1. Under the Karplus relation 6.51 cos²θ - 1.76 cosθ + 1.60, θ = phi - 60°, what is the ordered set of whole-Hz ³J(HN,Hα) values for segment 118-134, x standing for Gly and Pro?
2. Segment 1-74: which chymotrypsin sites (Phe, Trp or Tyr not before Pro) are DSSP loop and have at most 10 other beta-carbon atoms within 10 angstrom?
3. Which residue, Phe414, Phe346, Phe162, tops the fluctuation ranking in a GNM of the chain built on C-alpha contacts under 10 Å?
4. Is there a quick way to get the dipole size of segment 348-392? I mean about its Cα centre, with the Cβ of Lys and Arg at +1 and of Asp and Glu at -1; what is the value in debye to the nearest 20?
5. Can you list the HN-Hα couplings for segment 311-327, worked out from phi with the Karplus curve (6.51, -1.76, 1.60; θ = phi - 60°), rounded to whole Hz and with x for Gly and Pro?
6. Can you work out the Karplus-derived ³J(HN,Hα) for every residue in segment 391-400? Use 6.51 cos²θ - 1.76 cosθ + 1.60 with θ = phi - 60°, whole Hz, and x for glycine or proline.
7. Are any of the pairs Lys238/Lys397; Lys73/Lys411; Lys30/Lys342; Lys113/Lys399; Lys144/Lys278 more than 28 Å apart by Cα-Cα distance, and if so, which?
8. Please give the calculated 222 nm ellipticity per residue for the chain, where each DSSP H segment of at least 4 residues contributes -39500 (n - 2.57) and the sum is spread over every residue; nearest 500 deg cm²/dmol?
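The values are calculated or read from the model by the stated rules, or taken from the named source; none is laboratory data. The shown structure was predicted, so the numbers you read here are calculated from the model rather than taken from an experiment. Note that we place each Cβ from the backbone using ideal geometry, even for glycine, and neighbour counts take in every protein chain shown. Keep in mind that these areas ignore ligands, DNA and RNA; they rest on the heavy atoms of the full protein, side chains included. Shrake-Rupley method; radii C 1.70, N 1.55, O 1.52, S 1.80 Å.
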Amino acid sequence: MSLILIKNGHVVDPENNINKKLDILIEKGKIKKLEENIEPFAGCEVIDATDCIVSPSFCDIHVHFRDPGQTYKEDIRTGSMAAVAGGYTTVVCMPNTIPALDEPSLIRYVIEKGEEVGLCRVLPAGAITKGRKGKELTEMWLLKDAGAVYFTDDGAPVMDSFIMRKAMEYAGSIGTFVADHCEDLNLSNNGVAHEGEIAAALGIPPLPPEAEDTMVARDCILALRTGMPVHICHISSKVAVETVAWAKALGANVTAEVTPHHLSLTDDEWLDFHCKAKVSPPLREHEDVEAVRWGLASGIIDFVATDHAPHAHHEKMLEHQHCPPGMLGLQFALPTVLELVKKDYFDINRAIQVLATEPMKKIGLKPPAIKEGETAELVIFNPTESWEVNEETILSKSKNTPLLGRKLRGKVKFTFYNGKIVYSDTSGVCCG
Ligand SMILES: [Zn+2]
């Protein structure tokens, strides 16, 4: 259908200061008209967006699509399917694949595979160090030239502070940045669950929050010293949020992301779901969850990233020391953020900023715009409609989430990418 009319939706586009009811006419993939009332006419397909929000589609700069090397967990096709079902049309894949994304040919592989699937924009992050071993910097310029949008050893921290400083300087000098999985491995000492009452009661090896906090402080100090940017992956503790606030107040070029699970779940999840609750950094306590929520509301935390981390069922059935950390995220970010809007932490405009526009700007891309003349790249969702998380509704290859069986509010109805419908809740993934 070359003419699509989206009727009666409430359009929210923070970058273009739009927050009102508008109809959108799309012709051959481009937004032709944006007006308060556009009458349907013969030959145009009408999407009834009554009670729905229409916004720029989302961007997640932190996903694990496990491709190459562990495609039994997820691959670029199934990861893309989960992305568009969650309202995302831009994702950045982490380099902790097998082999690690530390060579230009591997960077190009991810981009080309993403384009072949064609559902969304799949971009790679390059490794900071060769083999993610923390010893020797990769050839960042060549990786950037091949298409890496930033650098991280995610899954592992850069433990050596001298290497981290060099990485920050080098990435900053070529117009990009490093992102750190902040964890002092000596302090975490093979811990599994957040150090607190739950870990103690269940006899699970404790992982103290200072393992994260000290590394966040180190990275902030290096950013202050070098004047170069650093991005904090999956911030989760109260002290880490306060540390980023302090560094930003001093003028450091620090940004931070938070995951849906750290915004919504506590270490209580261990009581019911055991290893499905295992994630790195660990689910923490109520006061930490409150801290990341207020951090996101105030702008100390810049945006949401899911750390979408698929693992096979048999892996998540292992004992807690052996089971790999991580849980799915792409389809749960919107409901999590909408719950915070409902609870008045922030408004819908901020919700779209943290899901869509801020992460896009962080990786140097222009956010999709709901404006006449622009290519349609948008999401239509009903913020009050609920759906159940189950094996059918999860489009990832793996189903590892403690949310299985729960109902979430906030349903994606349509996702548009590159002018086309790539997902609808009635037909599923389209033209993949
Ligand atoms: Zn990580």
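1. Once θ is set to phi - 60°, the couplings for segment 118-134 become x, 7, 7, 8, 9, 10, x, 9, x, 6, 6, 10, 4, x, 6, 8, x Hz.
2. On the way: sites: Phe41, Phe58, Phe65, Tyr72; in loops: Phe41, Phe65, Tyr72.
Passing both the DSSP loop test and the Cβ count: Phe41.
3. Of the options given, Phe162 has the highest mean-square fluctuation.
4. 500
5. Going residue by residue, I get 9, 5, 3, 5, 6, 6, 8, 5, 5, 4, 6, 9, 6, x, x, x, 8 Hz, with x marking Gly and Pro.
6. 4, 7, 6, 7, 8, 5, 5, 9, 10, 6
7. Working: Lys238/Lys397 33 Å; Lys73/Lys411 25 Å; Lys30/Lys342 32 Å; Lys113/Lys399 23 Å; Lys144/Lys278 33 Å.
In this structure, Lys238/Lys397; Lys30/Lys342; Lys144/Lys278 lie more than 28 Å apart at Cα.
8. Calculated mean residue ellipticity at 222 nm is -8500 deg cm²/dmol.
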